[in-house]
1. Over all directions, how big on average is the projection of the convex hull of the alpha-carbon atoms in the chain, in square nanometres?
2. Once the piece of chain linking S84 and A23 is laid out straight, how much longer is it, given 0.36 nm per residue of separation minus the C-alpha distance between them?
3. Would you calculate the separation in nanometres between label points at D104 and S70, each defined as 7 Å from the Cα along the Cα-to-beta-carbon direction?
4. If you roll a 1.4 Å probe over the heavy atoms of the protein chains, what accessible area per residue do you get for segment 19-121, in Å²?
5. For segment 1-83, which trypsin sites (Lys or Arg not before Pro) are both in a DSSP coil and crowded by at most 15 other Cβ atoms within 10 Å?
6. Suppose the chain between W111 and T57 were pulled fully straight at 0.36 nm per residue; how much longer would it get relative to their current alpha carbon spacing?
7. Could you state the number of Å between the C-alpha centres of segment 86-108 and segment 1-52?
8. Ignoring ligands, DNA and RNA, please state the percent of accessible area on segment 25-121 from carbon and sulfur, probe 1.4 Å.
Amino acid sequence: QVHLVESGGGLVQVGGSLRLSCAASGNILAIENMGWFRQAPGQQREFVATITDDGLTNYAMSVKGRFTVSRDNPKNTVYLETHSLQPGDTAVYYCHAMIRASGDSLLMNYWGKGTLVTVSS
């Protein structure tokens, strides 16, 4: 089995910063894209940022220039540095990864359970 576990969420004031982490564990043979999505109350889950296994990144326009995604491949971990946080960034942040696990011939989508980020004004 494969698990993704996020950490680093919390309560922060407007303009503040947080660093989110997500570690993948289990019978992992390969990880391709890793990234972050978020879901605000009453809203659909939306894309935030993604990073390929060789370091290419992509961001949602709403976070570009404020958030930075990175990964540590030996640790199977992806990070999201968030800066200049605004109330509109309040959401549950979910980690996502495309992983080929032992016994699987294909890449599968895996999700963490989420970590809550609350930005107070």
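1. 7.1 nm²
2. On the way: separation 61, 0.36 × 61 = 21.96 nm, distance 2.45 nm.
Gain on stretching S84 to A23: 19.5 nm.
3. About 2.7 nm separates the two model spin labels.
4. In whole numbers, segment 19-121 has 53 Å² accessible per residue.
5. Those satisfying the criteria are R45, K64, R66.
6. Taking 0.36 nm per residue and subtracting the Cα distance, the gain is 17.6 nm.
7. 7 Å
8. Reported share for carbon and sulfur atoms: 49 percent.
The values are calculated or read from the model by the stated rules, or taken from the named source; none is laboratory data. Keep in mind it's a predicted model, so treat the numbers as computed, not measured. A quick note on method: Cβ atoms are made from the backbone with ideal geometry, for glycine too, and the neighbour counts reach across all protein chains shown. Note: areas computed on protein heavy atoms with side chains; ligands, DNA, RNA excluded. Shrake-Rupley method; radii C 1.70, N 1.55, O 1.52, S 1.80 Å.
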